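Asker: If you scroll down you'll find the structure; I have some questions about it.
The values are calculated or read from the model by the stated rules, or taken from the named source; none is laboratory data. In this text the structure is predicted, and so the values were computed from the model without any measurement. In this analysis, Cβ positions are derived from the backbone assuming ideal geometry, glycine residues included, and neighbour counts consider all displayed protein chains.
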Amino acid sequence: MKSMRKLMACALFILAAASGAMAQSKQAEEADDAFKKGFFYNAIEMYKKAYTTEKQASEKAVLIFKVAEAYRALGDAGNAEVWYEKANKAQYPDPITYFRIGEALKEQGKYADAIVAYNKYKEKNPGDMRAEASLASCKQAQAWEDAPTRYKVDPEVLLNSPEYDFSAAFSDKKNSDVVFASSRPASTGTETDGIVGESFTDLFSSSRDKLGKWSEPVRLPPTVNTEAHEGSATFNEKRNVMYFTRCPHEKKKAFGCDIWISKKVGNNYSEAIMLNLRPEQEKNDTSVVTIGHPTLSKDDGMLIFSSNMKGGQGGKDLWKVMLDKSGMPTGQASNLGKEINTAKDEMFPFLRENGNLYFSSNAPGGMGGMDIYMAEKTGDGAWGHVENVKYPVNSSGDDFSIIFDGSEERGYFTSNRPGGKGEDDIWRFYVPDMVFALQGTALDKETGQPLPDAKIEVVGTDGSSFSTLADAEGKFKFEENGKDRYIKENTSYTVRATKENYLVVNDQITTVGLSESTTFVKEYLLQPVTPDKAISLPEVLFDLGSAALRPEGKDSLQTLYQTLVDNPTIIIELAAHTDSRGSDKSNITLSQNRAQSCVNYLISKGIDPARMVAKGYGESRPRITDAEIAKMGTNEEKEAAHQKNRRVEFTVKSFGYVPKEGAPGSN
């Protein structure tokens, strides 16, 4: 696709000279003249006509290459690729064609094919480091596509037409009205622009209703629009003064652009006045100086714009100038410097409310054509730490002229990517709300069967609380809560699953730090409580013949401690067991002491002793009998069986304890 960003490209695109070329025909010379003046669309037709009458094969190859260059200047990557390929077949001698093919493929998002083309160029011209940089940028662009930012983008259908539509600017304080540039048939004038082969652009306005629907765009009055190009506007903070770009037109002559100012008068605009931004030494310069793409600081005291004035870094740069109280320039404009500007083109600046500067550039390292970049405000009138805003705001095509809706993470930009209505289109971008949900199943821990009517309670750090009962299949979910959601961004939640005659299960989830919509899927296994049925604990280790808890044993008791905290009304019997070796009497004593050691440790952690009864059963309740052990084949198997008999476990005796204020779990 072509791109209207070329409006400011006149006289800045340098036509590559064909080495060893023969004397050119008059038609070819006229085509070169049109190209140098920036009339790329006209130049293409003229080069093609010159080709039909040219006899020399080498000169034909040069003309084919120049057609490709004109398509490249026009931003038509698809046709540029085709004609560079034709130049290769015609044996154009300069291997730059392979590099250009890589660029054209990259602008179409064909990164793998572009890498092949760049590698061919490396083989034919190994000393040119541009190929290495372009290969790296292709890989980076693909990585950005594979891992997009949270922004979503959509074409703003009601604002767009099959022609060029670009550079939206908010024109009212509520940011519900916009002014944008378009070459649609309703534009002023009937002539065709020699740069892109379309009608000249005018400024149009549209309003958005409460449902978000845009009205039919209306052309601004003749005090603003002329038979020349008008585009890229911005408004002051009060939205009663508009600065915009105007590019005069005269057949076969190249003119630069300037920034003009017009004041709102009711629903109309005053006669526009051109700002005096050109340096004195350049006012009589025969080269084309172009100035445009205005944006204002929040206090309306500074204007930033794009220009190819002398003293820049190359191509078109971003400049700044201070404004007086009447909104007119005061003093000379100054370049924003190497932190922002490159040897390529920097255009379409926009100053956000927070002072950060957004702009577009075709400098190496982007995703294809022009990319949108952000520079942080580093001081008064200073910016740095430039970053590409990445995919999907940027694409392999031309992406430019971004604006933000105040401090919100939404707004509009212009792109010629596929999916639009015409050439350049206005697209909206926004960060969609992240959607979170919690769902799961409550099951019996021992049988695996669902637990209907299990209660699931959730408490959030934002003060919210809600609950539900599991259905017949033990399932539950928290999704929509009317027009709201149960689970929200940047919030942590405590989840509690309960059912009568089951121990509580506590859990936590958090959305803090998450950057994608997430559904938390949980399975809660509730331990049934049956009178006189013991519940096993992780192995509690003691030294041989000792009742003193080892450090590992204390760690094992953490499970029981948490169970007592989570279930603050239960009273338990904590039982210790030994293996069958040793006398019954000594084993009873040892197991009783071990049970008491466990209880004492839990008391030291804050558990009320009234909730626990220590009981030593010695060897009287083996899991594996001596007879079964005797039948085992190896000593390792027998020792493992004895180990299973040496255990600590607990039994819930009642749910009748009344927690004391301040006790663990009482809240």
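Asker: Tally the residues that are farther than 20 Å from T651 by Cα, charged (D, E, K, R) and in contact (Cβ under 8 Å) with a residue 40 or more places away in the chain, restricting the search to segment 490-510.
Answerer: 1
Asker: Does D608 satisfy being touching a Ser or Thr at 6+ places or on another chain (Cβ under 7 Å) and surrounded by 13 or more Cβ atoms within 10 Å (Cβ to Cβ)?
Answerer: no
Asker: Collect the residues in segment 533-552 that are in contact (Cβ under 8 Å) with a residue 24 or more places away in the chain, farther than 19 Å from V505 by Cα and surrounded by 13 or more Cβ atoms within 10 Å (Cβ to Cβ), keeping them in residue-number order.
Answerer: E539, V540, F542, A547, L549
Asker: Does T461 satisfy the criteria of being of a type in the set (S, T, Y), farther than 27 Å from K152 by Cβ and modelled with pLDDT of 95 or more?
Answerer: yes
Asker: Then there is this: Considering segment 322-333 alone, what residues qualify as being over 19 Å from D345 (Cα atoms) and touching a residue at least 40 places away in the same chain (Cβ under 8 Å)?
Answerer: G327, M328, P329, Q332
Asker: Which number in (1) assigned to a loop (DSSP other than H, G, I, E, B); (2) modelled with pLDDT under 95 marks the one condition that Y92 misses?
Answerer: (2)
Asker: Looking at V521, V512, can you tell me which residue is outside the structural domain of R646 (by TED's automatic domain parsing) and assigned to a loop (DSSP other than H, G, I, E, B)?
Answerer: V512 is the lone residue from the list that is outside the structural domain of R646 (by TED's automatic domain parsing) and assigned to a loop (DSSP other than H, G, I, E, B).
Asker: A further question on this structure: Report, by residue number, each residue of segment 74-110 that is among the hydrophobic types (A, V, I, L, M, F, W, C), closer than 23 Å to E132 by Cα and touching a residue at least 60 places away in the same chain (Cβ under 8 Å).
Answerer: Within segment 74-110, A77, I96 qualify.
Asker: If you don't mind, another one. Just for segment 380-393: of the residues that are at positive phi and modelled with pLDDT of 95 or more, which one is farthest from the chain's Cα centre (by Cα)?
Answerer: Applying the first criterion (at positive phi) to segment 380-393 yields 381, 385, 390.
Of the ones still in play, those that are also modelled with pLDDT of 95 or more are 385, 390.
Numbers: H385: 18, K390: 7 Å.
Ranking the qualifying residues of segment 380-393, first place goes to H385.
Asker: Further question on the same structure: Which condition number in (1) in contact (Cβ under 8 Å) with a residue 60 or more places away in the chain; (2) within 23 Å of the chain's Cα centre (by Cα) is the one that L159 fails?
Answerer: All conditions pass for L159, except number (2).
Asker: Scan segment 152-182 for residues that are under 23 Å from K106 (Cα atoms) and either buried (at least 19 other Cβ atoms within 10 Å of the Cβ) or in contact with a helix residue (DSSP H, G or I) (Cβ under 6 Å, 6 or more places away or on another chain) (or both) and jot them down. It would help to see each step written out before you state the result.
Answerer: Pass one, segment 152-182, residues under 23 Å from K106 (Cα atoms): 152-155, 164, 166.
Those that are under 23 Å from K106 (Cα atoms) and either buried (at least 19 other Cβ atoms within 10 Å of the Cβ) or in contact with a helix residue (DSSP H, G or I) (Cβ under 6 Å, 6 or more places away or on another chain) (or both): V153, Y164, F166.
Asker: Out of segment 560-578, which residues are closer than 14 Å to R496 by Cα and either outside the structural domain of G606 (by TED's automatic domain parsing) or in a loop (DSSP other than H, G, I, E, B) (or both)?
Answerer: Result: N567, P568.
Asker: Restricting segment 571-601 to residues that are crowded, with 22+ Cβ neighbours inside 10 Å and under 54 Å from the mean Cα position of the chain (by Cα), which is farthest from A640 (Cα to Cα)?
Answerer: I572
Asker: Assuming L560 fulfils every condition listed in (1) out of contact with any Cys (no Cβ under 9 Å at 6 or more places or on another chain); (2) under 16 Å from S536 (Cβ atoms) apart from one, which condition is it?
Answerer: (1)
Asker: OK, next. Would you be able to say whether some residue in segment 69-77 is in a helix (DSSP H, G or I), surrounded by 18 or more Cβ atoms within 10 Å (Cβ to Cβ) and acidic (D, E)?
Answerer: Yes, there is a match, as at least one residue in segment 69-77 is in a helix (DSSP H, G or I), surrounded by 18 or more Cβ atoms within 10 Å (Cβ to Cβ) and acidic (D, E).
Asker: If only one of G109, G102 is at positive phi and under 28 Å from the mean Cα position of the chain (by Cα), which one is it? Step through it out loud before you land on a result.
Answerer: On the way: G102 fails: at positive phi.
When all the criteria are applied, what remains is G109.
Asker: Output yes when any residue across segment 140-148 is surrounded by fewer than 19 Cβ atoms within 10 Å (Cβ to Cβ), in a loop (DSSP other than H, G, I, E, B) and not charged (D, E, K, R), and no when none is.
Answerer: yes
Asker: Within segment 511-526, track down each residue that is surrounded by fewer than 17 Cβ atoms within 10 Å (Cβ to Cβ) and touching a residue at least 40 places away in the same chain (Cβ under 8 Å). Give the steps one after another, and end with the answer.
Answerer: Going residue by residue through segment 511-526, those that are surrounded by fewer than 17 Cβ atoms within 10 Å (Cβ to Cβ) are 512-519, 521-523, 525.
Scanning segment 511-526 gives L514, S515, E516, S517, T518, T519, V521, K522, E523, L525.
Asker: Give me the pairs, please: first residue somewhere in segment 222-247 and under 15 Å from P329 (Cα atoms), second residue anywhere and of a type in the set (G, A, S) and assigned to a loop (DSSP other than H, G, I, E, B), beta-carbon distance under 7 Å, and either six or more positions apart or on two chains.
Answerer: N236/G327; V241/G327
Asker: Looking at (1) more than 23 Å from N501 (Cβ to Cβ); (2) in a loop (DSSP other than H, G, I, E, B); (3) hydroxyl-bearing (S, T, Y), find the lone condition where Y657 falls short.
Answerer: (1)
Asker: Looking only at segment 110-127, which residues are in a helix (DSSP H, G or I) and either over 18 Å from Q140 (Cβ atoms) or outside the structural domain of R100 (by TED's automatic domain parsing) (or both)? Explain how you work it out, then say what you get.
Answerer: Kept after step one, since they are in a helix (DSSP H, G or I), are these residues of segment 110-127: 111-124.
Listed by number, the residues that qualify are K120, Y121, E123, K124.
Asker: Moving on to the next point. Go through the residues of segment 163-176 one by one and say whether even a single one is within 30 Å of N267 (Cα to Cα) and without any contact (Cβ under 8 Å) to a residue 40 or more places away in the chain.
Answerer: Taking every residue of segment 163-176 in turn, at least one turns out to be within 30 Å of N267 (Cα to Cα) and without any contact (Cβ under 8 Å) to a residue 40 or more places away in the chain.
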